[in-house]
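Data first, discussion second: the structure below is written as structure tokens.
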Amino acid sequence: MTKSYTLGRRSIEALRGIDLEITKPGFHAIMGPSGSGKSTLLHLLAALDRPDQGEIEINGRRIDRMNESQLTMFRRHHIGIVFQQYNLLSTMSALENVTLPALLDGMPRSQRIDLGMNLLTTLGLADRAEHRPDALSGGEQQRVAIGRAILFEPSILYADEPTGNLDSQTSEQVLNLLATLARERNMIIVMVTHEPAAAAHCQRASILRDGRIVHTIDVHEGNVGELATRALQLDR
Amino acid sequence: MKEMSASWQLALSSLIGKRWRTALMAGAVALASALVVAVSCSIVSVQASIEHALMWFLGASDARIVHPFNGRFDESILDTARTWEGVAVATGRFGLQLTLTHPLTQTSPPDKDPDKDPDKDPDELQAPLQSTPNAVGVEFDLVRRFRVFRDLEGTWPDEANELLLDDFTADELQAEVGDTLSVAIDDKTESFIVAGIYNSQKFFGTRQRGLIEMDLHTLQRIAGMNRKLTSIYLILDDDIDAQAFCDAHYDEVPEQVSLERSDMVRSGFDRQIQGTRLGLLAGSILTFMCASFIIVTGLTTSVSERQRDLAITRCVGGSRGQLFASQIYFGAILSGLGIVIGLPLGIALAGVLAWYYRDSLPAGLQVSGLGLSLSMLGALGAGLLGAIYPAYLASRVPPLQAMAARARPPSWRVVMVMGLIGLGLVALQVGLFQLPDPTQRFHAYAYVGIPALHLGAFLLAVPLLYLVTWFAGPLLSALLRIPAGMMTRSVLATPYRNGFTAGALMVGISILVSTWSNSLSLLNHWLSTVQFADGIAFRIVGITESQRAAIESMPFVTRSCPLRYLPLQVFNRQVFGLENMGPRTVKCFSTDLDIFFEINPVRWIEGDPEIALERLKRGEGILVADRFTNAKNIGVGDVLTLGSGKVRHDYEILGVIDVGWLEITAQLFGMRSTYMELAVSGIFMDGDVVAERYGNSDIHFLQVELSDDIDDAEASRQIMAAAPGILFWTTRDVRDRVNEIAFTTMAIQSVIAFAALALSSLAMGNVILANIRARSYEFGVLRAVGGMRGLLARLIFGEATIIALTAALTGTLLGMHLAWVGAENYRELAGLDVKLVFPTIPALIGVAVLLLLTLLATLPGVWSVVHPRPSSLIAAGRNG
Ligand SMILES: Nc1ncnc2c1ncn2[C@@H]1O[C@H](COP(=O)(O)OP(=O)(O)O)[C@@H](O)[C@H]1O
Ligand SMILES: [Mg+2]
């Protein structure tokens, strides 16, 4: 598939023909230098934007053919998204943020609270339920955001540089959490990342350059070093 | 449906998240509701009290016989009426103004000890007290069957020399039951004893004058009009229908007298009530429109501020409909808050007023159902309509916006569309003004045109913001030493909320400009007409022969001209005001035409004076004021059917003259027709013709020319002393009164305008704060790279100034357009040919106040940027 943006008279080809298939549940990394089209790809996969050309199929459903309200419902129930900036609603508590999709779905309040509290307990945030985002640390905010993304147990979770704003120790916690989710809940997690350390948690990694996928590698303990070298090379 | 409860929750969370803004918007609705409720309840309370007083006056009577031209008729009619079948009680009344004197000199009451009241001049207390109430001669034994006299103190009078005073007159004279009062009649005095004092429960308009009851025949004798009556009141047997009774005996009363149902008095009153209702409706529409402007601005700001939140909500599965609905619910909640706060506040406000004026409002506080429904509907409309555009904006936020660092740049297309819709609304309003039928036009314009105009101006504020920024921006940047282009770019980064803020601010300026323009136009018009012989004496129930003689014999009175005033109805057409709503009465002035034209500089607009005067004296026609020509193009050759009751005559218009001074003077003296309608304009007839045809030869005005060697004030004092009971005003007094009334009105209007300005400045402060918060990252960077605090402050102030200038420009244009509409209405409905005035000084003051308020409104914003360290600004910007 392809995607280009027009800026004034200039047209920028962000994606120049991507062919990507992810079949097995697990942790999949998308790496590449800045501006290579990683975020654009993720947005298309997450049904946040439409490709110019090409097809996107998730769970056997063609999301490029869906209309606005079908997309909305699809996002709500089948897709989870985590951002670099956490993107929690500042006027809501952690509990309310986690249960936002359920609220949008019209779930009764008591049920919502049960669901949300269970989730927060799993995430180790039960005692933070009533706090607003500005009273939470970066790591905590990101964990709340992950909780929100998996509330409806979607089959796919997308994360765009989820550790980009975190120190290495907190990053490690968040990555472990994602890895656990992929393992225990049998989810596909697609994570855009810069950092080879983050990619080390993944089973597969695709490397993007100028809007094209240049490598797709199976990651295991042995080739993390190689991955790091490639990423470093590409970054130069 | 289940999904919609989510919208409700979202609305609640954004409501709680931005408490101050919510309070401001809800406050705007509440204030508008309170205003409409308070005004409507006050109006209804005053009307109820007038009605109360009217009903008290009519009492138990079912029908009455009156002289519609305020004249007197023969008492033999009373004898005839008593013979009619079905009449249970009939009683005659005779009215006269009487000056009573309480000789206090010997017995000053102990509680009025001069030492206790140092402000009062002790000499003044020693002087006899005087009061000139309306005296009514009644048949003491019968009148009690008609009316209830409340809280009667003393006894019911039954002797010819006994009086019943109302509390007002008793207060003025410091009289108590048993006191002796004297009345000067020509050169003798007669004494009367106060038998009783009752509580009159007067309402506003009649407060200035007392009402006393005395023996009918005594009063007739004092007036020198034996066996004359002014009215007869009838109580009919229970099984008699009043209308049928009046129809049956219609022909049995003389031509100049009419028999009618007592409740006919209400007809003019009902028409007035109808008029105030329509005024209230138009006023409410406008008031709530302003509230909704503040809501549009506030919510639009919230939506653009919370773009990221909205986008996230979309990312995690919120639908467009849910975001749309959440804003609409937000609007509905604001309406609800506005109603819950506004209605009780309005009623309380009216309650306080009713309590303060409790003595003048016998019927007490009345709650207006119309006002309550209007304000509920209005509040709901303001909230919902105000939320539509922000709701649309919210539903259009794409999910990807969650990742963008900055709000999207405004699209030119939307600005253009907004400008076009604005122009369309303004054009619609111009179109409505072209409707051929004046009544239709008036209604269409008041309820659709004016709201459309305001909405149009509100939308046009956005394109105008661009214009002002382009033209005034560079200059202002240079003045404030802001790098070129910086301010322009930042103002135009958020053109909607800035433009809307200007739109909300424009209302105050427009009210100021339009009301001052109209008031100054009217004032100029009236002042330019007040040019007549040096003074005018006035007495509402007629100047007596002896009073007239006393005035004319003063050494400094060189010439005088008697004028009579008579309310007449126009039967064959509507001359002024709206069809079926404007008053159908005209003021008829009659006089000795030769003298009148000799001492007054009358301008002839149409007609030949020579021929006209000849025919006027033969009673073949009338002269009309130029207002007739201005309003409906009625002029020489047209025929008006004038009269009242059974008396009707056709009159050809023989000339059109400019006599504004007489109209305004009559208005200032408070001459109103018996039916409580304001008679609008003047026609002129020959004095003798009127006396004969309408049976009233009272003289109400005596125009007086003074010799040059006397001071106006001195002349005035001497005349009022020589002829007690007379009011004498010099030209200067009339001008002073006109000025005083005009400036009081303008002061009230200015208070309203400045209140609107202050309220919308709050909206302004709010938007500026929001703008600054949204850009604190940018400001932090600016400061981090070495931008000075002063620069940021100047930048913020410069932006606010641009908004204020846009508001000033839009408001002034709108205000002048409204002033023009007002001037056209004066011509169309009242026939006043006023010139449009641009109120330069008030407009400048308004703009200065606006700029000052703007400066104040920016202070919290400036502080929040200048005070903290750059690092915390950058951090705040990141997480926002
Ligand atoms: N909304 C947009 N409008 C215009 N160009 C964009 C937009 N989003 C991304 N781009 C451009 O598309 C290219 C790919 O961007 P992106 O997918 O964000 O890269 P990455 O996430 O790998 O850094 C870049 O050149 C970027 O400038
Ligand atoms: Mg990116």
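No lab work stands behind these numbers, since they all come straight from the coordinates. It should be emphasised that the depicted structure is a prediction, and the values quoted were computed from it without experimental measurement. Reconstructed Cβ throughout: ideal geometry from the backbone, glycine too, with neighbour counts over all protein chains shown.
Once both axes come from the Cα atoms, what is the angle between helix B:495-529 and the longest principal axis of chain B, in degrees from 0 to 90, rounded to 10?
20
If you restrict to DSSP beta bridges whose two residues both lie in chain A, what percentage is antiparallel, to the nearest 5?
45
Using alpha-carbon positions, what is the distance between the centroids of segment B:428-449 and segment B:536-568, in Å?
46
Which one of A:G106, B:P842, A:L44 has its Cα pushed farthest toward the positive end of the charge dipole of the protein assembly as shown, where Lys and Arg give +1 and Asp and Glu give -1 at the Cβ?
Comparing the listed Cα positions along the dipole, A:L44 ranks first.
In nm, what is the difference between 0.36 nm times the number of residues separating B:W412 and B:D708 and their Cα-Cα distance?
99.3 nm
What residues qualify as long-range amide H neighbours of B:M554, i.e. H under 5 Å apart, gap of 5 or more or another chain, H built at 1.01 Å from N?
none
DSSP loop (so not H, G, I, E, B), at most 12 other Cβ within 10 Å: list which GluC sites (Glu not before Pro) in segment B:538-641 pass both filters.
Taking segment B:538-641 and a limit of 12 other Cβ atoms within 10 Å, the loop GluC sites (Glu not before Pro) found are B:E579.
Could you check what % of the DSSP bridge pairs in segment B:143-279 are antiparallel, to the nearest 5?
70
Considering only B:G831, B:F779, B:V821, whose Cα is most displaced toward the positive end of the charge dipole of segment B:693-831, charges sitting on Cβ of Lys, Arg (+1) and Asp, Glu (-1)?
Towards the positive end, the residue furthest out is B:F779.
Quick one: what Rg and Dmax do you get for chain A from the alpha carbons, in Å?
Gyration radius and largest Cα-Cα distance of chain A: 17.9, 53 Å.
Angle check, please: helix B:870-879 long axis (alpha carbons) against the longest principal axis of chain B (alpha carbons), in degrees 0 to 90, nearest 10.
With rounding to tens, the tilt is 90 degrees.
Which one, A:Q169, B:G210, B:P133, is farthest towards the positive end of the dipole of the protein assembly as shown when Lys and Arg carry +1 and Asp and Glu -1 on their Cβ?
Selected residue: A:Q169.
Listed highest first by mean packing, meaning other Cβ atoms within 10 Å per residue, what order do A:66-77, B:648-659 come in?
So the peptides A:66-77, B:648-659, ranked by packing, come out B:648-659, A:66-77.
Mind checking the dipole of chain B: about its Cα centre, +1 per Lys or Arg Cβ, -1 per Asp or Glu Cβ, Debye to the nearest 20?
8020
Using a simple charge model, +1 on the beta-carbon of Lys and Arg, -1 on the beta-carbon of Asp and Glu, nothing else, what dipole does segment B:149-242 show about its Cα centre, in debye to the nearest 20?
I would put it at about 500 debye.
Could you state the number of Å between the C-alpha centres of segment B:271-346 and segment B:800-868?
Computed from Cα coordinates, the inter-centre distance equals 24 Å.
Calculate the dipole size of the protein assembly as shown relative to its Cα centre from +1 charges on Lys and Arg beta carbons and -1 charges on Asp and Glu beta carbons; express the result in debye to the nearest 20.
In total the dipole reaches around 8180 debye.
Report relative contact order for chain B in percent, whole number only (criteria: Cα-Cα under 8 Å, sequence separation at least 6).
Reported as a whole number, the value is 16 percent.
State the Cα centre-to-centre distance between segment B:491-517 and segment B:136-168 in whole Å.
Each part's Cα centre sits 61 Å from the other's.
If you line up the long axis of helix B:840-866 against the longest principal axis of chain B, both from Cα atoms, how many degrees apart are they, to the nearest 10?
On a 0 to 90 degree scale, this one is about 40.
Cα extents of segment B:341-474 along the three principal axes, largest first, in whole Å?
Each principal axis gives a Cα extent; for segment B:341-474 these are 65, 47, 33 Å.
On average, how many beta carbons from a partner chain sit within 10 Å of the beta carbon of a residue in B:7-15?
3
Taking H as built 1.01 Å from N, whose amide H comes closer than 5 Å to the amide H of B:C588, not counting residues under 5 places away?
Under 5 Å from the amide H of B:C588: B:L566, B:L568, B:I683.
Given the rule -39500 (n - 2.57) for each run of at least 4 DSSP H residues, summed and divided by the residues of chain B, what is its mean residue ellipticity at 222 nm, to the nearest 500 deg cm²/dmol?
Using -39500 (n - 2.57) per qualifying helix, the result is -19000 deg cm²/dmol.
Taking amide H positions as placed in the peptide plane 1.01 Å from N, state which residues far from A:V190 in sequence (5 or more) or on other chains have amide H under 5 Å from it.
A:H28, A:L157, A:Y158, A:A159
Could the peptides B:82-92, A:1-11, B:790-800 be put in order, highest first, of the mean number of other beta-carbon atoms found within 10 Å of their residues? Please report the intermediate quantities before stating the final value.
Values: B:82-92: 17.2, A:1-11: 11.4, B:790-800: 21.4.
For the peptides B:82-92, A:1-11, B:790-800, the packing ranking is B:790-800, B:82-92, A:1-11.
How many percent of Cα pairs in the protein assembly as shown exceed 62 Å?
Looking at the protein assembly as shown, the distances longer than 62 Å represent 32 percent of pairs.
Considering only DSSP beta bridges with both partners in the protein assembly as shown, what is the antiparallel share in %, to the nearest 5? Could the numbers behind the result be given before it?
On the way: 85 of 123 bridges.
The answer is about 70 percent antiparallel.
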